[in-house]
Amino acid sequence: MQDVLFHAWNGLRGYTERGRFTAWLFTIAYRTVASERRATRRAKRLPPVHLADAVGSHPAPDQELIANETAVMLQIAIAGLPARQRHVVLLRHATAMTFAEIATATNQPLNTVLSHMRYALKKLRAATGEHV
């Protein structure tokens with residue numbers, strides 16, 4: 001949230017009233033989240049070394065494999081969601097926005113946002129075998 005506010009504050013000078021302010025702000029939020037996701041993916045390529053790793057506290061190989069497979073299934077399932085459902089899921093979990101904040105940011109009624117989330121979770125549960 002702080003990054004979004006920072007980018008919005010810095011970009012306020014360049015804002016032109018060609019559209020709605022909320023749409024402009026949502027675009028900043030969406031791009032900030034996308035940028036953070038790209039950075040997270042890059043960081044996952046080279047996992048950090050933790051003290052627990054140094055002393056030999058590793059999860060069982062089968063548990064690690066299951067966790068990795070579930071994460072891949074979830075990413076594929078999220079990518080396959082309709083755009084509106086995918087946006088609600090990503091905003092909710094990547095930015096920890098409340099449903100009311102998502103409704104405001106996307107200019108949709110709260111009940112519509114809640115419906116998008118409910119249908120998305122139903123599809124994600126089916127795609128991942130109830131791991132969500």
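The values are calculated or read from the model by the stated rules, or taken from the named source; none is laboratory data. Fair warning: this is a prediction, and the values are worked out from it, not measured in the lab. Counting neighbours? That spans all protein chains shown, and the Cβs are built from the backbone with ideal geometry, glycine included.
Overview of values
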{"quantity": "Filtered residue count, segment 81-119, keeping only those that are crowded, with 18+ Cβ neighbours inside 10 Å and either touching a residue at least 40 places away in the same chain (Cβ under 8 Å) or assigned to a loop (DSSP other than H, G, I, E, B) (or both)", "calculated": "8"}
{"quantity": "Filter result (of a type outside the set (A, V, I, L, M, F, W, C) and surrounded by fewer than 15 Cβ atoms within 10 Å (Cβ to Cβ)) within segment 120-130", "calculated": "K122, R125, G129, E130"}
{"quantity": "When residues of segment 14-30 are limited to those that are without any contact (Cβ under 8 Å) to a residue 24 or more places away in the chain and assigned to a helix (DSSP H, G or I), the one nearest to H93 (Cα to Cα)", "calculated": "T27"}
{"quantity": "Which numbered condition T32 misses (of (1) surrounded by 11 or more Cβ atoms within 10 Å (Cβ to Cβ); (2) assigned by TED's automatic domain parsing to the domain that holds V4; (3) modelled with pLDDT under 80; (4) β-branched (V, I, T))", "calculated": "(3)"}
